[in-house]
Amino acid sequence: MAQTQVQDVSGPDGLRGTVDFSAARADAGRVTVQFETGESVMVPVDLLQHRPDGSLWLPIRRDEIENIRASRRLRAGEEAVVPVVEESLRLTKRQHETGSVVVHVTPHERVEFVDVPLAEERVDVQRVEVNRFVKAPPPVRQEGNVTIVPVMEEVLVVEKRLMVREELRITRRREVRHEPQRVTLRHEEARVLRSVDKPH
């Protein structure tokens, strides 16, 4: 790996530490992991797994490190090389002929009579004159087992209507005028004359 910085390393059982890639050994691509407890372990670079947060994950349990220290009698600050062993399984399949059989097929024919019910429907169409004006096309309707389909036709309708063409508005006006005329009027006057009575 061409990294030149120190990265955090964590592992199972709460193991935490750092790895300095600038101090990586050139032989076999190994790096030294320095734990917070003081011990260090040399592991292959390919064993470290990158995590999304930028840190590294070391899949080595605490008891495995303790076993290595006990077997090597390592003190704090000493390095130990952890061998990484991985088992893999490879499966293969082969075809093996165990035997063969010969099959003879003899065809036979037989005649059977079957009664198959066949349904047939017939439609009777009856035309009924209606001759009725409607405002909108009526829908298809069902009356029992009879389906009624209206047949529409546009017809020209001529009709007469009264229309007021104009109005005559008559206004009466009364005027008074003076016309001088000479009129002869007659009148009669009656005078009553009494006779004077003579003394007796």
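Here are the numbers:
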quantity: At R0 = 25 Å, FRET efficiency that the Cβ-Cβ distance of Thr147 and Phe113 yields, to 0.05; calculated: 0.05
quantity: Exposure rank, largest accessible area first [Ser22, Ser10, Ser100; 1.4 Å]; calculated: Ser100, Ser22, Ser10
quantity: HN-Hα J in Hz across region 92-99 - Karplus 6.51, -1.76, 1.60, θ = phi - 60°, x for Gly and Pro; calculated: 10, 10, 10, 8, 10, 7, 9, x
quantity: Region 94-200, accessible area per residue, ligands and nucleic acids excluded (1.4 Å, Å²); calculated: 140
quantity: Order by protection proxy (mean Cβ within 10 Å, highest first), peptides 42-55, 125-138; calculated: 42-55, 125-138
quantity: From the C-alpha gyration tensor of region 101-200, square roots of 5λ in Å; calculated: 125, 23, 12
quantity: Distance in nm between pseudo-label sites at Asp63 and Arg94 (7 Å out along the Cβ direction from Cα); calculated: 4.1
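The values are calculated or read from the model by the stated rules, or taken from the named source; none is laboratory data. On a predicted model such as this, the values are computed, not experimentally measured, just so you know. Methodologically, a virtual Cβ is constructed for each residue, glycine included, from the backbone with ideal geometry; neighbour enumeration extends over all protein chains shown. Ligands, DNA and RNA are excluded from the accessible area calculation, which covers all protein heavy atoms including side chains. Shrake-Rupley method; radii C 1.70, N 1.55, O 1.52, S 1.80 Å.
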